[in-house]
Amino acid sequence: MIACIAPLIGMFLVTRRYALMADALSHIAFAGVAIGILTGIQRVFSALVTAVLGALAIEMLRRRQAANSEALLSLFLSGSLALAVILLSFSKGGSTNITTYLFGSITTVTPTDVTLIVLLGLVVALVVLVLYRQLFLLSLDEELAEASGVHASRINTILIVLTAVTVSLCMRIVGILLVGALMVIPVLAAIQITRSFFQTLMLSIVISIASVILGLYASYFYSLPSGATIVMICLGFFVMGLAWNQMRRS
Amino acid sequence: MKNIPAIELEHVHFRYGRTELFRNISFSIVQGEYAGIVGPNGSGKSTLLKLMLGVLQPSSGTIRILGEDTKNISARTHVGYVPQHITQTDRAFPATVEEVVLSGRTPRKKLFHRFTSADFMAATHAMERSGIDPLRKRKLHELSGGERQRVFIARALATEPAILILDEPTVGIDAASQEMFYEFLHKLNADGITILVVSHDTHALMHEVKCMLCLQEGELCHCTLDDLKDHEHIHKHAAGLPHHSSPSHHV
């Protein structure tokens, strides 16, 4: 499920030049994990709520033109990491398993996490399916989308809330520090090979699924951290895509 | 239906923050017209377009497209829009010509409705009309500036519009392509499509359009075909120089 929804959302982030959004939201989710550790709330849930609130705050500030998008993402990225570190310093022993959130570990995923991943993953996929045309237009040109009757600000808000949800769901598997890579790299790899937007979306999902399956196998057989292994395989696909594209051009 | 103006602005005021950009603008463009809007940089040409497209709403006054208030999203289905800077779209944007043209059907679809064969046929017809059908499987960034402009015009035509609005369409296009482009616009106008071109290029525009509107200091002046012969009159407006004619609020 996460292998499907990560590039599904990542596609619209990459084409909107919003790729850093996934990283910013994953750091905000990390602050949510720290809140969960301190308060005893289910950590996936606290990460999810914090990431969604952070996403809405970013969008609100972007709309008010408080700063340019890139600077805003950088501000939230470093600010939320600082908040997480301070919050974790108050916990007594709770931060010992924090590396499973930072770098991901499939063995620590609970049945509650799995239920949440499946249910919310289906919601994310369904919303993207319904809003596909609007998201495509918005990625092509925001002004054109608005002139075509697309509520750009509403769709933008939905997109970043979906990103926040996806980040929160993926963080248990690939980790907070690597979740952005799972959303972005399969898309970049697919762009090298395909011609159309739809083909790129489909191929990025295939690459993502292949990376997750191969990564989990490799991490099991070679005792490697699952998140990092998945991302390295994604990178391998990107390099192959790049080489294929270069060969085709030459 | 034929008597209803294609575009109608009635006592339109528009404020951006504390700045009043437009003061009591009233004008209408009849159906089948081929009109141009010129004005100096910063005069608000693109903002005026956004008001007509319903992307922005006036502070007061009414804007109607074929009699429908632009507050209604359905009014936008009458308009095909070709925005500025389309020749500079992201080089890495992974989309084919066909996908971009088909996206012109989006305003005509409800949220849960899929594209049907009628939508694909409309897109194909628009590509054939624009002469880009052989390029349909090409990636957008593989095309030249002129070809890319035709793609976005085809996209606008796929909406089957009664009105075609183009914002600075000749920016980044070479002279030969510009000539072909204006010829193509004339054909579309002859087919009954109302055309409104906004451009800083007064010289090129004045030889093409049937009527010209000059935007300056929040007011709009109308210039007839006879006025267009007075090059100096137009150039003064476009360059932001003082002029002698008084603003005409209803054209």
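The values are calculated or read from the model by the stated rules, or taken from the named source; none is laboratory data. Here the structure is a predicted model, which is why all the values come from computation and not from measurement. All Cβ positions, glycine included, derive from the backbone under ideal geometry; neighbour counts span all protein chains shown. Accessible surface areas use protein heavy atoms only, side chains included; no ligands, DNA or RNA. Shrake-Rupley method; radii C 1.70, N 1.55, O 1.52, S 1.80 Å.
Summary of computed values
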quantity	calculated
Test for A:Leu214: is it away from chain B (no Cβ under 14 Å), part of a helix (DSSP H, G or I) and open to solvent by less than 20 Å² (accessible area, probe 1.4 Å)	no
Some residue of the range A:140-162 being buried (at least 20 other Cβ atoms within 10 Å of the Cβ) and in contact with a strand residue (DSSP E or B) (Cβ under 6 Å, 6 or more places away or on another chain)	yes
Single residue of the range B:53-81 satisfying the filter (small (Gly, Ala, Ser) and open to solvent by 30 Å² or more (accessible area, probe 1.4 Å)) that is nearest to the other protein chains (Cβ to nearest Cβ)	B:Ser74
Given (1) assigned to a helix (DSSP H, G or I); (2) in contact with a helix residue (DSSP H, G or I) (Cβ under 8 Å, 6 or more places away or on another chain), index of the condition A:Met247 fails	(2)
Count - residues of the range B:29-47 that are modelled with pLDDT of 85 or more and open to solvent by 10 Å² or more (accessible area, probe 1.4 Å)	5
The range A:33-59, residues that are open to solvent by 10 Å² or more (accessible area, probe 1.4 Å) and among the hydrophobic types (A, V, I, L, M, F, W, C)	A:Ile35, A:Ile37, A:Leu38, A:Ile41, A:Phe45, A:Leu48, A:Val49, A:Val52, A:Leu53, A:Leu56, A:Ala57
Selection status of B:Gln84, under 17 Å from B:Val198 (Cα atoms), open to solvent by 20 Å² or more (accessible area, probe 1.4 Å) and within 13 Å of chain A (Cβ to nearest Cβ)	yes
Index of the failed condition, A:Phe30 passing every other in (1) surrounded by fewer than 17 Cβ atoms within 10 Å (Cβ to Cβ); (2) of a type outside the set (Lys, Arg); (3) farther than 27 Å from A:Ile191 by Cβ	(1)
Qualifying positions in the range B:126-167 - open to solvent by 20 Å² or more (accessible area, probe 1.4 Å) and either within 30 Å of B:Gly67 (Cα to Cα) or within 14 Å of another protein chain (Cβ to nearest Cβ) (or both)	B:Arg129, B:Leu135, B:Arg136, B:Lys137, B:Arg138, B:His141, B:Glu142, B:Arg150, B:Glu160, B:Ala162
Residue under evaluation A:Gly149, criteria (1) over 19 Å from A:Val109 (Cα atoms); (2) assigned to a helix (DSSP H, G or I); (3) touching a helix residue (DSSP H, G or I) at 6+ places or on another chain (Cβ under 6 Å); (4) not polar (S, T, N, Q), criterion not met	(2)
Of the criteria (1) at positive phi; (2) within 14 Å of chain B (Cβ to nearest Cβ), which one A:Gly104 fails	(2)
Hey, A:Val114 part of a helix (DSSP H, G or I) and either within 14 Å of chain B (Cβ to nearest Cβ) or touching a residue at least 12 places away in the same chain (Cβ under 8 Å) (or both) or not	no
All positions within the range A:129-139 that are surrounded by 21 or more Cβ atoms within 10 Å (Cβ to Cβ) and either not in a helix (DSSP H, G or I) or not aromatic (Phe, Trp, Tyr) (or both)	A:Arg133, A:Gln134, A:Leu135, A:Leu137, A:Leu138, A:Ser139
Test set (1) within 14 Å of chain B (Cβ to nearest Cβ); (2) within 20 Å of B:Ala95 (Cβ to Cβ); (3) over 12 Å from the mean Cα position of the chain (by Cα) - A:Arg154 fails condition number	(2)
Selected residue (only one of B:Lys50, B:Lys110 is open to solvent by 40 Å² or more (accessible area, probe 1.4 Å), under 28 Å from B:Lys187 (Cα atoms), within 14 Å of another protein chain (Cβ to nearest Cβ) and not β-branched (Val, Ile, Thr))	B:Lys50
Complete set of residues in the range A:222-238 that are open to solvent by 90 Å² or more (accessible area, probe 1.4 Å) and either touching a strand residue (DSSP E or B) at 6+ places or on another chain (Cβ under 9 Å) or modelled with pLDDT of 90 or more (or both)	A:Met232
Qualifying residue in the range A:164-182 (condition: surrounded by 24 or more Cβ atoms within 10 Å (Cβ to Cβ) and within 14 Å of chain B (Cβ to nearest Cβ))	no
